[in-house]
1. Which of I324, A275, N304 sits farthest toward the positive end of the charge dipole of region 267-332, with +1 on the Cβ of Lys and Arg and -1 on the Cβ of Asp and Glu?
2. Using all alpha carbons of region 156-220, what is the percent of pairwise distances in each 5 Å bin, ordered from the shortest bin to the longest?
3. Could you give the angle, 0 to 90 degrees to the nearest 10, between helix 116-126's Cα long axis and the longest principal axis of the Cα atoms of the chain?
4. Using the C-alpha gyration tensor of region 53-142, what are the square roots of 5 times its eigenvalues, in whole angstrom, with the largest one first?
5. For every helix of n ≥ 4 consecutive DSSP H residues, a contribution of -39,500 (n - 2.57) applies; sum these over the chain, divide by its total residues, and give [θ] at 222 nm rounded to the nearest 500 deg cm²/dmol.
6. Let me make sure I get this right: for region 192-307, a, b and c are the square roots of the gyration tensor eigenvalues over alpha carbons, sorted descending. Under 1.5 in a/c it's rounded, otherwise prolate if a/b > b/c, else oblate. Which is it?
7. Step by step: find N for the chain, compute 2.2 N^0.38 Å, then divide the Cα radius of gyration by it. What's the final number?
8. Near A282, within a Cβ-to-Cβ distance under 15 Å, what is the net charge of the other residues, with Lys and Arg +1 and Asp and Glu -1?
Amino acid sequence: MARPNNTYSGFLFLLFNIIIPLTFNITILGTNAALPDKDTITSAQVVNVHDHLYVVDCGEGMQSKLQKYRIKRNRIQAIFISHLHGDHVFGLPGLLTSYVHFQRERPICIIGPKGIREFVETCLRLSQAYIDFEVHFREMDHEGCALIYEDAKVSVSAFPLLHRISTYGFRFDEVIDKYNIRPDKIKELGLTTDQIKAVKGGSDILKADGMMIPNEEMIFRKTKVRSYVYCSDTAYDESIVDFIRKADVLYHEATYLSDMVVKAKERMHSTVHDAAKIATMAGVGKLVIGHFSIRYINKEDFLNQGKLEFSEVILAEEGKIIEIHLEKSLKF
Ligand SMILES: [Zn+2]
Ligand SMILES: [Zn+2]
């Protein structure tokens, strides 16, 4: 869109751009498989869509990483747990019970495989912890890809991964009003604020001279929304490719380097080569690899091996923020 020249149109252009929230990023907080290390923790991420926050897996030590990176826990809308192995969920009871010190009032949604509710409720009951806000659980026990969460900013679908216990991958698709008003029409027709709202809501406009302006003449369709897919933990599984297709960013576990393919199969994890192959088949924009076995000190080997198959590979590292821009150019 060319930027208009005159001041009024410039103002509208600015307003138009301000009222569309732009943030879509992922903050990596933990990348270890199985065990925390002296400075690092197991799987934990925060996805930010239009300044709404969503936790994806909640490894032990999550709270201290939220503090370290100044992420406001009261802005977390929902928590997505891929599976009930401890390295993905042992930070959850502590995070929930901490809210008593942060005056949380708004409800929180917890989504995980069947058993997540029992896990949380048992922890709270046995530790005699109380929380004074509502917790809404959504337990997953489905085949294929299903919509599991939706709000004004994002829709999230989940699909089974191939692991030792019930495990799900998550696909975050940004929600933007599919239709938006054309800035040139605001000026041309002299629309008031109420009329702009009405047009955005799908209404036609009756002008003072009796002329009816159909809605479709004043709006344009936004076709591209941004997407992020999280897959951890899983063995190599081509059946997930359809659910990942064309995502802007894919996080796929890469517990082992390529020489550990037998071990990876035994433990139902992936090698970096497996992750890169899935990324190639799905045609994603970027591949983020993580969930590294702590046997590896030098993570650069993951990067080098991954790039042999898929050029756009990024190492998950604590504190790294992966931005997905509307124009699909990525900054790190
Ligand atoms: Zn794990
Ligand atoms: Zn696991």
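The values are calculated or read from the model by the stated rules, or taken from the named source; none is laboratory data. Being a predicted model, the structure only gives us computed values, none of them experimental. Reconstructed Cβ throughout: ideal geometry from the backbone, glycine too, with neighbour counts over all protein chains shown. Side chains included, ligands, DNA and RNA excluded: accessible areas come from the protein's heavy atoms. Shrake-Rupley method; radii C 1.70, N 1.55, O 1.52, S 1.80 Å.
1. Checked the options; the winner is A275.
2. 4, 15, 21, 14, 6, 6, 6, 7, 7, 6, 5, 3, 1, 0
3. Relative to the chain, helix 116-126 is tipped by roughly 70 degrees.
4. That gives 18, 15, 13 Å for the three semi-axes.
5. The helix-only estimate for the chain comes to -7000 deg cm²/dmol at 222 nm.
6. prolate
7. It is 1.12.
8. Here the count lands on -4.
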